[in-house]
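**Q** Quick one: structure below, then a few questions.
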Amino acid sequence: MSFTWFRPEGPLRTREQIAREVHAVSLARGLDELATVIALMTISTEVGTGTGDNRKWWCPANDRVPATKNFPHDSKSDDNRSSGYFQQQPGPNGEPWWGTPEDMMTLSRAANTFLERLDDGYSAAANSPLMAGQFAQRVQQSAFPDRYAEKWDEAWTVLRRALNETPTTPEVPMPVSGDPVWLEDVLREALGDRLIVEDGWQTRGNGNGENGTDQMGPIWGVMIHHTGNDRETVAGIRDGRPDLAGPLSQCLITPDGKCHLIAVGPCNHAGRGSYPGIPTNMGNTRLIGFECAWPTIRPDGSYDAAQRWPDAQIITMRDASAAVLKRLGYDSAHVIGHKEYAGASQGKWDPGNIDMGWFRGEVQKDLDGFVFPGEHPPVDPAPGPVVPPDYAKETWDQLRIEWPQLGGRTLVDTVAAIGAKLGIEGCYDTKATK
């Protein structure tokens with residue numbers, strides 16, 4: 001493994017955090033701790049640095065696969081075209097051997113792919129570092145097959161420490177269920193005056209909720225759409241069209257960067273489709289929809305599929321998505337395009353020419369606190385003067401002492417004496433009257 005850059009702050013995750021996340025994937029697949037250990041042996045071999053307690057596991061991007069840099073990473077490598085914790089790579093002609101760049105750079109997805117390919121007979125390695133390394137090698141096909149076994153002890157130590165620190169259940173936020181009545185507050189904080197709240201939004205939805213209600217179910221994340229017309233109106237999204245009743249999404253984001261909050265309940269925006277983590281055909285009740293007014297329609301009804309999105313619109317799409325995901329406790333993997341959910345079932349291609357991998361990368365930067373060009377980081381107020389603990393006593397002493405250099409007068413008496421000398425009515429010198 002050859003690293004070319006490390007993030008100064010260090011790895012994205014500790015070894016224990018990585019172990020817990022990988023073990024959560026193992027549990028979800030019905031596997032045991034041994035499967036997790038084989039995966040951790042692989043990670044340590046592929047991306048580990050340091051020795052002993054100072055050892056670290058990294059998530060490198062690779063300049064030879066530029067899309068990997070769109071996702072959270074803490075390092076870079078120039079090891080062929082390999083990237084991520086498992087150093088997975090595309091085929092020689094770009095074939096998705098290990099999935100998309102996002103799959104390779106997302107720990108849970110990369111671990112799932114590794115464990116999916118782990119031989120069912122791996123349990124034979126229960127007490128054998130050598131055999132465990134061989135099972136790892138069958139998946140990885142490394143040029144250095146003997147190195148995996150060397151990480152047996154480290155993998156077990158890290159996993160046991162990780163599982164003793166927290167429960168073995170997956171570390172995921174509690175799902176937020178029901179209508180997102182918090183949308184106005186969350187979007188206002190993120191967007192300021194870019195948010196326009198439409199009358200009646202708090203009671204608007206299509207009425208087709210989950211479990212016989214008119215409410216949203218557990219909210220999985222955000223779906224990005226384009227309207228097919230950059231002149232789309234609030235009324236069009238609110239009321240729908242002849243073939244599809246409104247509301248068509250919770251929000252409409254216009255080319256000028258304004259976000260119109262239109263509805264709170266389920267909306268007719270996702271329709272038929274599926275995506276990992278979202279039950280089939282349940283996008284309307286599991287996803288908050290952002291309809292984005294794009295592209296420009298020419299007089300003859302045609303449009304430019306390569307039309308550039310307005311900066312103001314993209315920025316609001318990013319900020320609004322990040323705000324919702326922050327409220328839900330999710331990372332940028334929970335914002336998807338309509339085409340990723342309904343491309344196969346409905347032939348959808350929205351949001352147009354936006355690369356959703358790139359967009360998720362921008363949303364993640366926002367979630368991580370990145371300061372984008374033109375933004376200003378919060379400035380801490382300048383510290384005030386340091387007041388000594390005996391400040392009040394010192395002040396009182398200064399006022400009441402009869403100072404020799406003032407003729408035995410206090411400060412107040414001195415001011416009064418000066419006033420008397422100047423002929424100011426009511427002022428007198430206490431020493432002159434004695």
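The values are calculated or read from the model by the stated rules, or taken from the named source; none is laboratory data. Remember, predicted model here, so these are calculated numbers, not experimental data. Cβ coordinates were reconstructed from backbone atoms using ideal geometry, including for glycine residues, and neighbour counts include every protein chain displayed.
**Q** Can you confirm whether R286 is in contact with a Phe, Trp or Tyr (Cβ under 7 Å, 6 or more places away or on another chain) and of a type in the set (D, E, K, R)?
**A** Yes, satisfied.
**Q** Pick out the one residue from S142, S108, S82 that is among the polar types (S, T, N, Q) and surrounded by 19 or more Cβ atoms within 10 Å (Cβ to Cβ).
**A** Numbers: S142 fails: surrounded by 19 or more Cβ atoms within 10 Å (Cβ to Cβ); S108 fails: surrounded by 19 or more Cβ atoms within 10 Å (Cβ to Cβ).
Of the residues listed, the single one that is among the polar types (S, T, N, Q) and surrounded by 19 or more Cβ atoms within 10 Å (Cβ to Cβ) is S82.
**Q** I would also like to ask the following. For G347, are the conditions met, namely being of a type in the set (G, A, S), in the same structural domain as L187 (by TED's automatic domain parsing), free of Cβ contacts under 8 Å to residues at least 24 places away in the same chain and under 30 Å from D103 (Cα atoms)?
**A** Yes; evaluated as a whole, the condition is true for this residue.
**Q** Just checking: which of the helices (runs of 4 or more DSSP H) contained wholly in the stretch 15-125 hold 1 or more residues that are over 27 Å from D366 (Cα atoms) and touching a strand residue (DSSP E or B) at 6+ places or on another chain (Cβ under 6 Å)?
**A** In the stretch 15-125, the matching helices (runs of 4 or more DSSP H) lie at 33-47.
**Q** Exactly one condition in (1) basic (K, R); (2) assigned by TED's automatic domain parsing to the domain that holds M223; (3) over 24 Å from I278 (Cβ atoms) is false for R400; which is it?
**A** Evaluating R400 over (1) basic (K, R); (2) assigned by TED's automatic domain parsing to the domain that holds M223; (3) over 24 Å from I278 (Cβ atoms) leaves (2) as the failure.
**Q** Has the stretch 189-199 got at least one residue that is closer than 24 Å to K339 by Cβ and either in contact with a Ser or Thr (Cβ under 6 Å, 6 or more places away or on another chain) or modelled with pLDDT under 95 (or both)?
**A** no
**Q** Next up: Give the residue that is farthest from D153 (Cα to Cα), with candidates limited to residues of the stretch 1-26 that are surrounded by 18 or more Cβ atoms within 10 Å (Cβ to Cβ) and more than 21 Å from the chain's Cα centre (by Cα).
**A** S26
**Q** Mind checking whether some residue in the stretch 351-373 is assigned to a loop (DSSP other than H, G, I, E, B), in contact with a strand residue (DSSP E or B) (Cβ under 6 Å, 6 or more places away or on another chain) and touching a residue at least 40 places away in the same chain (Cβ under 8 Å)?
**A** Yes, some residue in the stretch 351-373 is assigned to a loop (DSSP other than H, G, I, E, B), in contact with a strand residue (DSSP E or B) (Cβ under 6 Å, 6 or more places away or on another chain) and touching a residue at least 40 places away in the same chain (Cβ under 8 Å).
**Q** Counting only residues that are of a type outside the set (S, T, N, Q) and exposed (fewer than 12 other Cβ atoms within 10 Å of the Cβ), which one in the stretch 425-434 is farthest from E394 (Cα to Cα)?
**A** As a first pass, look at the stretch 425-434 and keep what is of a type outside the set (S, T, N, Q): 425-429, 431-432, 434.
Checking the rest, the ones that are also exposed (fewer than 12 other Cβ atoms within 10 Å of the Cβ) come to 425-426, 432, 434.
Details: E425: 31, G426: 29, A432: 28, K434: 29 Å.
Residue satisfying both the conditions and the ranking: E425.
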